[in-house]
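Have a look at this one before I ask anything.
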Amino acid sequence: MRKKLCYVFLVFFIYSVIGWCYEVFLETVVYRWGFSNRGFLFGPYCPVYGFGALLLLFFLRPLQKKRLRWHGVPLSPLLVFAGAMLLTTAVELLTSYILEAFTGGWLWDYHTYAVQFDGRIALNPSIRFGLGGLLIVYGIQPFLEKAAAKAGETFCRNAAYLIAALFLLDFCSTVF
């Protein structure tokens, strides 16, 4: 059980860092707004991406393994995409309300997007999250599983403990 928990935490953390990198890439390269720390914590991670990725893996990974077809057309990737869009959009909406309750606002604003709800969620990012879900389920996660198997249980456990301690310190110093 401890082995599984350490692995889940490492997966959460890795996707939190990937999410932070994605946010910074959008901000600096795509929108050219300049760099800022895109998370609400000090470190280079956005926990909402870690939680979102874990939800995607829990709910959508079984779909990836099923070979659903309709008249010879594979449906699994389409269902993973749609599921990723729905799950991540729900997480983003819920996160906006949680952040607003605790901080008075949320870290993004979609008011200028054509199809959006209250500036909290929008179609454009939801489509990108759907594509990201495909990348996670079909690309990144299989790679992480192979890497974890090669790294071994002791390394993964020690890495999880160290990162958890740093993460908790960051969380406590930021929130309190």
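Could you tell me whether Glu92 is more than 15 Å from the chain's Cα centre (by Cα), modelled with pLDDT of 80 or more and acidic (Asp, Glu)? If you could, list the steps in order and put the result at the bottom.
On the way: more than 15 Å from the chain's Cα centre (by Cα): no; modelled with pLDDT of 80 or more: yes; acidic (Asp, Glu): yes.
When the stated conditions are applied, Glu92 does not pass them.
Here's a follow-up. Condition (residue is touching a Ser or Thr at 6+ places or on another chain (Cβ under 8 Å) and at pLDDT below 95) applied to region 108-117: is it met by at least one residue?
yes
Still on this structure, I have one more. For region 1-118, which fully contained helices (runs of 4 or more DSSP H) count at least 3 residues that are touching a residue at least 12 places away in the same chain (Cβ under 8 Å), in contact with a strand residue (DSSP E or B) (Cβ under 8 Å, 6 or more places away or on another chain) and farther than 20 Å from Gln141 by Cα?
On the way: elements: 2-25, 47-65, 76-103.
Hits in region 1-118: 76-103.
OK, next. As an exercise: evaluate Val80 against (1) surrounded by 17 or more Cβ atoms within 10 Å (Cβ to Cβ); (2) touching a helix residue (DSSP H, G or I) at 6+ places or on another chain (Cβ under 7 Å); (3) closer than 30 Å to Phe176 by Cβ and give the number of the one condition it does not meet.
Unmet for Val80, out of (1) surrounded by 17 or more Cβ atoms within 10 Å (Cβ to Cβ); (2) touching a helix residue (DSSP H, G or I) at 6+ places or on another chain (Cβ under 7 Å); (3) closer than 30 Å to Phe176 by Cβ: (3).
Which members of region 5-54 meet the condition of being crowded, with 17+ Cβ neighbours inside 10 Å, charged (D, E, K, R) and at pLDDT below 85?
Arg38
If you check Tyr45, Tyr97, which single one turns out to be in contact with a Gly (Cβ under 7 Å, 6 or more places away or on another chain) and closer than 26 Å to Cys21 by Cα?
Only one candidate qualifies: Tyr45.
Hey, Phe129 hits all of (1) in a helix (DSSP H, G or I); (2) under 17 Å from the mean Cα position of the chain (by Cα); (3) free of Cβ contacts under 8 Å to residues at least 60 places away in the same chain but one; which does it fall short on?
Evaluating Phe129 over (1) in a helix (DSSP H, G or I); (2) under 17 Å from the mean Cα position of the chain (by Cα); (3) free of Cβ contacts under 8 Å to residues at least 60 places away in the same chain leaves (3) as the failure.
Taking into account only those residues within region 117-176 that are farther than 18 Å from Tyr45 by Cβ and polar (S, T, N, Q), which is surrounded by the most Cβ atoms within 10 Å (Cβ to Cβ)?
Across region 117-176, the extreme among qualifying residues is Ser126.
The values are calculated or read from the model by the stated rules, or taken from the named source; none is laboratory data. Keep in mind it's a predicted model, so treat the numbers as computed, not measured. No Cβ is skipped: glycine too gets one built from the backbone with ideal geometry, and neighbour counts run over all protein chains shown.
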